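Working notes, structure below.
The values are calculated or read from the model by the stated rules, or taken from the named source; none is laboratory data. Predicted, not measured: the structure shown is a model, and the values here were computed from it. Please note: Cβ atoms are built from the backbone with ideal geometry, for glycine as well, and neighbour counts cover all protein chains shown. Areas reflect the complete protein model, heavy atoms only, side chains present, ligands, DNA and RNA absent. Shrake-Rupley method; radii C 1.70, N 1.55, O 1.52, S 1.80 Å.
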Amino acid sequence: MIKHRTFKDSDAEEVANVVKETMLTTNIKDYSKEYLDNDLKRLTTQDFIERAKYLHCYVFIDNSINKIIAVGSIGAYWDKNDESSLFNIFVSPKYQGQGIGKQLIQVLEQDEYFTRAKRIEIPASITGLGFYQKMGYSFKNGNSILDDEQLYRLEKFN
């Protein structure tokens, strides 16, 4: 049975491992190892603990093995009250394609950062683009070009 709850600092190491596993298994199809290794330098255990101080972070747990299988966060977009952003959305490769990502987005979209916002942005990987589009996100200002970070900027309006 899959359940979700808010992130605790004690989850940070397991979350960092899920992110690393996902990037090096799934995102490697769209990004170089060098790019991913560089990105992973700022997705460490300590980074997740620090981000949880200003983001609302959620983890999904497979209770049958008591293991974190997905993570996602939402927070204010540059300290604005009427705009928010989604961050660090990852589902363990073994659980992809089973609706966990959709459930994770639904949880994030029930969070107060989402419900109070007029606009929600997500920096989307090449790998995640199609998924986010299915969840109702579209190219920010119609711009379908990758940015300097090799991400698409997507948005949704409330």
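List every residue whose amide H lies under 5 Å from the amide H of Ser84, counting only residues 5 or more places away in sequence or on a different chain, with H placed 1.01 Å from N in the peptide plane.
Residues meeting the criterion, in which the H sits 1.01 Å from N, are Tyr77, Arg119, Ile120, Glu121.
Measuring from the lowest to the highest alpha carbon on each principal axis, how far does the stretch 46-134 reach, largest first, in angstroms?
Cα spread of the stretch 46-134 along its principal axes, largest to smallest: 38, 29, 22 Å.
Given a 1.4 Å probe and every protein chain left where it sits, what share in percent of the accessible area of the stretch 1-102 is carbon and sulfur?
Its accessible area is 49 percent carbon and sulfur atoms.
Can you tell me the dipole magnitude for the chain around its Cα centre, using point charges on the Cβ only (Lys, Arg +1; Asp, Glu -1), in Debye to the nearest 20?
460
Return the aspartates and glutamates within reach of Lys156: Cα separation strictly under 13 angstrom, same-chain partners fewer than 8 residues apart disregarded; answer none if there are no such residues.
Within the straight-line cut-off, Lys156 pairs with Asp82, Glu83, Glu109, Glu121.
How much accessible area per residue does the stretch 118-158 have, in Å², with a 1.4 Å probe?
Roughly 55 Å² per residue, with all protein chains present.
Report, for the chain, the % of DSSP beta bridges that are antiparallel, rounded to 5.
90
Over all distinct alpha-carbon pairs, what is the Kirkwood Rh of the stretch 99-158 in angstrom?
One over the average 1/r among Cα pairs gives 11.9 Å for the stretch 99-158.
Can you figure out the FRET efficiency of Ala76 with Ser10, using R₀ = 22 Å and their beta-carbon distance, to the nearest 0.05?
0.30
Output the Kirkwood hydrodynamic radius of the stretch 41-94, Cα pairs only, in Å rounded to one decimal.
Hydrodynamic radius (Kirkwood, Cα pairs) of the stretch 41-94 is 12.3 Å.
Sort all Cα-Cα distances of the chain into consecutive 10 angstrom bins from zero, then give the percent of pairs in each bin up to the one containing the longest distance.
All Cα pairs considered, the percentages come to 11, 41, 40, 8, 0.
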